[in-house]
Amino acid sequence: MDRVKSSMQQVPNPIPKALIRRTGGANSLELEKENFERGQAVSINKAINTQEVAVKEKHARTCILGTHHEKGAHTFWAAVNRLPLSSNAVLCWKFCHVFHKLLRDGHPNVIKDSMRNKADLSDMSRMWGHLSEGYGKLCSIYLKLLITKMEFHIKNPRFPGNLQMSNRQLDEAGENDVNNFFQLTVEMFDYLECELNLFLGVFSSLDMSRSVSVTAAGQCRLAPLIQVILDSSHLYDYTVKLLFKLHSCLPADTLQGHRDRFQEQFKKLKSLFYRSSNLQYFKRLIQIPQLPENPPNFLRASALSEHISPVVVIPAESSSPETEHMVDLVTEDLVDTDIPVQPATVVEPRFDDLFGTSAATDPFNFNSQNGMRKDDKDRLIEQLTREIQALREELESFRLESGRLCQALRGRVNELEAELAEQSHLRMQALGESEFLRAELDDLRRVKEDTEKEQRSLTEIERKAVANEQRYVKLKEKYTELVQSHADLLRKNAEVTRQMTVARAAQDEVDSVRREMQEKVKAAQEVAERQEQEQVEQLQELQRELISSRVELDTLKSTMASSQQSSEELSSQLSTVESEKVELAGSLLKKEEELAGLGEELERVQSSLACERESGVKTAEALQNQLNEKESREQALERQLVAARWSTLQGAVEEAERIVQDSLAQLDDPAHISCTSSADYLASRCQASLACMDRLHSARDGYLADNTGVSELVRAVTHLAHLVGDTIVQGSATSHMVPVEQADALSDSVKACGAEALALLGQMKEQESLATADSATLRAALDGILATAEKLRPRGLELQQGELGDLVEQEMAATSAAVESAAARIEDMLNKSRAVDTGVKMEVNERILASCTDLMQAIKELVLSSKDLQRDIVDSGRGAASMKEFYVKNSRWTEGLISASKAVGWGATVMVDAADLVVQGKGKYEELMVCSHEIAASTAQLVAASKVKADKDNANLGRLKLASKGVTQATAGVVASTKSGKSQIEEKDTMDFSSMTLTQIKRQEMDSQVSVLELETKLQKERERLGELRKKHYELAGVAEGWGEEGEGTG
């Protein structure tokens, strides 16, 4: 359950801006292409993300189908190139997994389209190779494997991405050239080496002492090994077959390096397959084959018949535990079918929990008003619940039956394959023995002919010369060899008879795999031809011996004259030899009769084999008919299941329409006028609705790609209906709390949102318009409501209350730092003034800066006292809670404290700036006095905010009051020193009117009156402006601190 929820809570990757929705006069093809690109981008971003969980099969399948749809991988690479693969190792690892799946199961053009990114992949592999552990090292190994795979398929285009080929296609790939087979074997060794390196890298990065295969992180690393197992099984099978073919054409010494490399890879692959088969994660997803105990013996040609190709079996997706778990999860979220329907008295509290009213006073409690126990909605939900439960039970029974049938058929197929391999092996042995017997028969015939030739030569020797003792010894040795060969032939005949009896008993269930048997027969015939060629060479050797014997005969003729004396003795010996020849001829006749009987026996065996082959063909046809009937039944059940899914979706959409209509109807209900809500809650509902719309869009795309995902779409539709209905009701309730103009605009927006929601649901009810249903208008309506709610929210709520505790500490620290900085600046200004100014100006500046320094010291003492008092307040009031929780609980007091602290720090900074300008002669003394008064007011606010929750007898409170008095006195000192300095610095002009005439005096009097009037007018305007500024300041301060919000309620 945790792994499913974590995989659903993915970090959303933004869809590329190039795939935003086009507007204008786009035709249907452009719209279809746009939807395709958007769906691919969503699936790619969901499959390749930064979460350390395994890639979901449905997202990878969508990417694979996309490559077949566009016949290439342009869209895939366009989306992948925008991902930060070089900055996140987990993201790069999941990209490698998805890319491996595309290379195996995607369109053939994926390999060609991906070769242009080979250089980028090589650079990324070298970059990740600098890391010695973690995903970085694994990404480097995986990228090297993918580059090797692409290069292998580019060099050998006959091999498909999934490496599935027949023996005939494998022979065609080498083009019957031993050099091509040699090079192909080397490339397969390199390919398999990369697969084994990734295997070892993944296992070495996991802690195998724990159950890592059941954790999300472990499954993220183990998931790509399924593709590696599929590739490795094919590469091992093809390597074995190619090595046998090479050993039949090349000397064994030439292939010693190939055999050594195969032995090393065989040991590694066997160990890795064994370790993988023991992991719980692989047991649920794949059946890993086990390699034989010992590697094949390539020096023995007959060992090829003993080789069994490893077969990797992937169970059907419908029976996978993850899929069943997801279906159960979605169904339970929609309607809990395990909980029986409760009476109305139990349903009413759930209604009260949702709307916050009791059953006795709620005007919407229709059950209590009308006396109804169940309305139409409840009955419809019960009916849908029963239908879904029935469908689930039926689907489960179908799954179990299909699984049992598939398991039985799979077992039967394995048995037939094993029996077929055994029968093929026995047949090959029988054919080899029969060919050997035929060769022996030919040898005997040739021996007979040689014997006849020898008889003729002996006749010539009788007429012309007398044979000597050496010739007699040679003839006797030849006779001994014939007797021995005859005995061997008899033994082999008995062995063949026994083998044929065993073959006849084991040929009951022979499968119809004729091609492989014929190929093996051809191979045996080739072996027989080679043996025949060897026998021809032996015949030539015998002919050479005959020639040598003829030479010896000529020698005997030359010695005939000298051997006439011993002719009589040789005649007696010749008579003995003739008797032996007669016996040998009789034995040869018997042997020919036995060979004729053996030939008849072979013919009978062949006829029985033909009959058994025909019976095997009939059995295979019957099994095929049963499989066809089962497929037709499964197709009919699949159609029924699709219809049931669509009816479920229609029912959910209709229920969603009723929910939205009910929410719109409540807007006109008079009882709804008393309901109120806040803009903050309305904004949260709008944001939830917008998030659910994204989920609805992805669920719809998933359903269109694979209609088995209807449960997710049903849940998304119902969830969206509830959220939109809640948004409508809360929007109307919020409009009761705002001015009339804003209330009317908000009501219109809410009604428009309901109309757009009904329009969208109406489009989703029709199967033809489901794919083209446009949710942009509904999204725009929700965005408008969200914008209105944001405008209505109080500004003080923009600050999250979780940050108040840290903000108090930060502001108090900033105030202390500002005061310290101001004191340092004043000291610096005093030193500069003493160095530059002299006389009265230096005296005035020293007096002003000294008073400012006293004020800064008093403010510093006040801030320290305020910190101590706040610490006592928090310690006495927070109880078991933390300091931050206390500040959050007393947020109004905390915000006032923050505001006062900001004002003190700001006032200190401004006063130092004003003092600096006064000392330089560029500022106004009045500005310095105003800053002093402002600091006094800010410190008074800080004192009031600090002591509002303090105990009257607190010692720190007394210190704070004394510090406040010190600040007041220091402020008065600054004002007094400023005034005295001003009066001392300013030049006082003596008014001498003795030289002025009456007219001039009158003119000066009028100018003075005009100036007085102008200054009085300006003073009046400035006072009015000051009053307005204070009024506005009060309003803004009230909004920032949330004054007046305590009276608002929620309906």
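The values are calculated or read from the model by the stated rules, or taken from the named source; none is laboratory data. None of the values given here were measured: they were computed from a predicted structure. Every residue, glycine as well, gets a Cβ built from its backbone with ideal geometry; the counts of neighbours run over all protein chains shown. Accessible surface is based on the protein model in full, side chains and every heavy atom, while ligands, DNA and RNA are left aside. Shrake-Rupley method; radii C 1.70, N 1.55, O 1.52, S 1.80 Å.
Residues being more than 24 Å from residue 159 (Cβ to Cβ) and either touching a residue at least 24 places away in the same chain (Cβ under 8 Å) or part of a helix (DSSP H, G or I) (or both): count how many of those fall in region 82-113. Let's see the steps before the verdict.
Start the filter on region 82-113 by keeping residues that are more than 24 Å from residue 159 (Cβ to Cβ), which leaves 82-94.
Cutting the leftovers down to either touching a residue at least 24 places away in the same chain (Cβ under 8 Å) or part of a helix (DSSP H, G or I) (or both) gives us 82-83, 85-86, 88-94.
So the count comes out to 11.
Here is a check on your reading of the model: is residue 136 in contact with a Cys (Cβ under 9 Å, 6 or more places away or on another chain), open to solvent by less than 40 Å² (accessible area, probe 1.4 Å) and touching a residue at least 40 places away in the same chain (Cβ under 8 Å)? Lay out the reasoning, then the answer.
Values: in contact with a Cys (Cβ under 9 Å, 6 or more places away or on another chain): yes; open to solvent by less than 40 Å² (accessible area, probe 1.4 Å): yes; touching a residue at least 40 places away in the same chain (Cβ under 8 Å): yes.
Spelling it out, residue 136 is indeed in contact with a Cys (Cβ under 9 Å, 6 or more places away or on another chain), open to solvent by less than 40 Å² (accessible area, probe 1.4 Å) and touching a residue at least 40 places away in the same chain (Cβ under 8 Å).
Sort through 219, 183 and tell me the only one that's out of contact with any His (no Cβ under 6 Å at 6 or more places or on another chain) and either outside any helix (DSSP H, G or I) or surrounded by 17 or more Cβ atoms within 10 Å (Cβ to Cβ) (or both).
Values: 183 fails: either outside any helix (DSSP H, G or I) or surrounded by 17 or more Cβ atoms within 10 Å (Cβ to Cβ) (or both).
Result: 219 is the single residue among 219, 183 that is out of contact with any His (no Cβ under 6 Å at 6 or more places or on another chain) and either outside any helix (DSSP H, G or I) or surrounded by 17 or more Cβ atoms within 10 Å (Cβ to Cβ) (or both).
Any chance region 150-170 includes a residue that's part of a helix (DSSP H, G or I), of a type in the set (S, T, N, Q) and closer than 30 Å to residue 251 by Cβ? Talk me through it step by step, then tell me what you get.
As a first pass, look at region 150-170 and keep what is part of a helix (DSSP H, G or I): 150-155, 167-170.
Retained after the next criterion (residues that are of a type in the set (S, T, N, Q)): 167, 169.
Subsequent filtering for residues that are closer than 30 Å to residue 251 by Cβ retains 167, 169.
Yes - at least one qualifying residue is present in region 150-170.
Quick check, is residue 526 surrounded by fewer than 17 Cβ atoms within 10 Å (Cβ to Cβ) and modelled with pLDDT of 75 or more?
Here the answer is yes, as residue 526 does meet what is asked.
How many residues, within region 222-257, are part of a helix (DSSP H, G or I) and more than 28 Å from residue 103 (Cα to Cα)? Reasoning before the result, please.
Just the residues of region 222-257 that are part of a helix (DSSP H, G or I), to begin with: 222, 225-247, 256-257.
Now drop any that are not more than 28 Å from residue 103 (Cα to Cα), which leaves 244-247, 256-257.
Qualifying residue count, region 222-257: 6.
Given the criterion closer than 19 Å to residue 751 by Cα and part of a helix (DSSP H, G or I), identify the matching residue among 672, 697. Let's see the steps before the verdict.
Values: 697 fails: closer than 19 Å to residue 751 by Cα.
Only one candidate qualifies: 672.
For region 770-784: of the residues being touching a residue at least 24 places away in the same chain (Cβ under 8 Å) and not hydrophobic (A, V, I, L, M, F, W, C), which is surrounded by the fewest Cβ atoms within 10 Å (Cβ to Cβ)?
Per the stated criteria, the residue is 772.
Quick check on region 40-51. Is at least one of its residues open to solvent by 20 Å² or more (accessible area, probe 1.4 Å), more than 25 Å from residue 204 (Cβ to Cβ) and part of a helix (DSSP H, G or I)?
Step one: filter region 40-51 for residues open to solvent by 20 Å² or more (accessible area, probe 1.4 Å), giving 42, 46, 50-51.
This time we only want the ones that are more than 25 Å from residue 204 (Cβ to Cβ), so: 42, 46.
Filter again for part of a helix (DSSP H, G or I), leaving 42, 46.
Among the residues of region 40-51, at least one is open to solvent by 20 Å² or more (accessible area, probe 1.4 Å), more than 25 Å from residue 204 (Cβ to Cβ) and part of a helix (DSSP H, G or I), which makes the answer yes.
Restricting attention to region 64-72, does a residue exist that is basic (Lys, Arg) and without any contact (Cβ under 8 Å) to a residue 40 or more places away in the chain?
Within region 64-72, the first condition is being basic (Lys, Arg), and the residues that meet it are 71.
Next cut, without any contact (Cβ under 8 Å) to a residue 40 or more places away in the chain only: 71.
Yes, region 64-72 has at least one match.
Residue 91 versus (1) modelled with pLDDT under 90; (2) surrounded by 15 or more Cβ atoms within 10 Å (Cβ to Cβ): which is the lone unmet condition?
(1)
When the residues of region 95-117 are filtered to those that are open to solvent by 30 Å² or more (accessible area, probe 1.4 Å) and under 22 Å from the mean Cα position of the chain (by Cα), which remaining residue is farthest from residue 222 (Cα to Cα)?
The extreme case among them is 107.
If you check 999, 990, which single one turns out to be farther than 30 Å from residue 730 by Cβ, among the polar types (S, T, N, Q) and at pLDDT below 55? Give the steps one after another, and end with the answer.
Working: 999 fails: at pLDDT below 55.
Answer to the selection: 990.
Do you know which residues across region 429-455 are open to solvent by 50 Å² or more (accessible area, probe 1.4 Å) and more than 30 Å from residue 583 (Cα to Cα)?
429
Given the condition open to solvent by 30 Å² or more (accessible area, probe 1.4 Å), in contact (Cβ under 8 Å) with a residue 12 or more places away in the chain, in contact with a Gly (Cβ under 9 Å, 6 or more places away or on another chain) and among the aliphatic types (A, V, I, L, M), answer yes or no: does some residue in region 639-653 qualify?
No, the conditions are met nowhere in region 639-653.
Keeping to region 917-932, report how many residues are in contact with a helix residue (DSSP H, G or I) (Cβ under 7 Å, 6 or more places away or on another chain) and either open to solvent by 40 Å² or more (accessible area, probe 1.4 Å) or within 30 Å of residue 876 (Cα to Cα) (or both). Show your work before the answer.
The initial filter retains those residues of region 917-932 that are in contact with a helix residue (DSSP H, G or I) (Cβ under 7 Å, 6 or more places away or on another chain), namely 918-919, 923, 925, 927-929, 931-932.
Restricting the remaining residues to those that are either open to solvent by 40 Å² or more (accessible area, probe 1.4 Å) or within 30 Å of residue 876 (Cα to Cα) (or both) gives 927.
Residues in region 917-932 being in contact with a helix residue (DSSP H, G or I) (Cβ under 7 Å, 6 or more places away or on another chain) and either open to solvent by 40 Å² or more (accessible area, probe 1.4 Å) or within 30 Å of residue 876 (Cα to Cα) (or both): 1 in total.
Tell me, please, whether a residue that is open to solvent by 30 Å² or more (accessible area, probe 1.4 Å), of a type in the set (Asp, Glu) and assigned to a helix (DSSP H, G or I) can be found in region 941-957.
Within region 941-957 (the criterion being open to solvent by 30 Å² or more (accessible area, probe 1.4 Å), of a type in the set (Asp, Glu) and assigned to a helix (DSSP H, G or I)), the answer is no, since none of the residues qualifies.
List pairs: first in region 737-753 and over 11 Å from residue 782 (Cα atoms) and without any contact (Cβ under 8 Å) to a residue 12 or more places away in the chain, second in a helix (DSSP H, G or I) and open to solvent by less than 90 Å² (accessible area, probe 1.4 Å), Cβ under 8 Å, 6+ apart or cross-chain?
Final answer for the pair search is 743/735; 744/735.
Output the number of the condition that residue 665 fails; it satisfies all remaining conditions of (1) farther than 29 Å from residue 409 by Cα; (2) exposed (fewer than 14 other Cβ atoms within 10 Å of the Cβ); (3) within 36 Å of the chain's Cα centre (by Cα).
Checking residue 665 against (1) farther than 29 Å from residue 409 by Cα; (2) exposed (fewer than 14 other Cβ atoms within 10 Å of the Cβ); (3) within 36 Å of the chain's Cα centre (by Cα), the one that fails is (3).
Checking residue 166 against (1) of a type in the set (Ser, Thr, Tyr); (2) surrounded by fewer than 17 Cβ atoms within 10 Å (Cβ to Cβ); (3) over 27 Å from residue 109 (Cα atoms), which test does it fail?
Only one criterion is unmet by residue 166, namely (3).
Run down 781, 789 and say which single residue is among the aliphatic types (A, V, I, L, M), under 35 Å from the mean Cα position of the chain (by Cα) and at pLDDT 75 or above.
Details: 789 fails: under 35 Å from the mean Cα position of the chain (by Cα).
When all the criteria are applied, what remains is 781.
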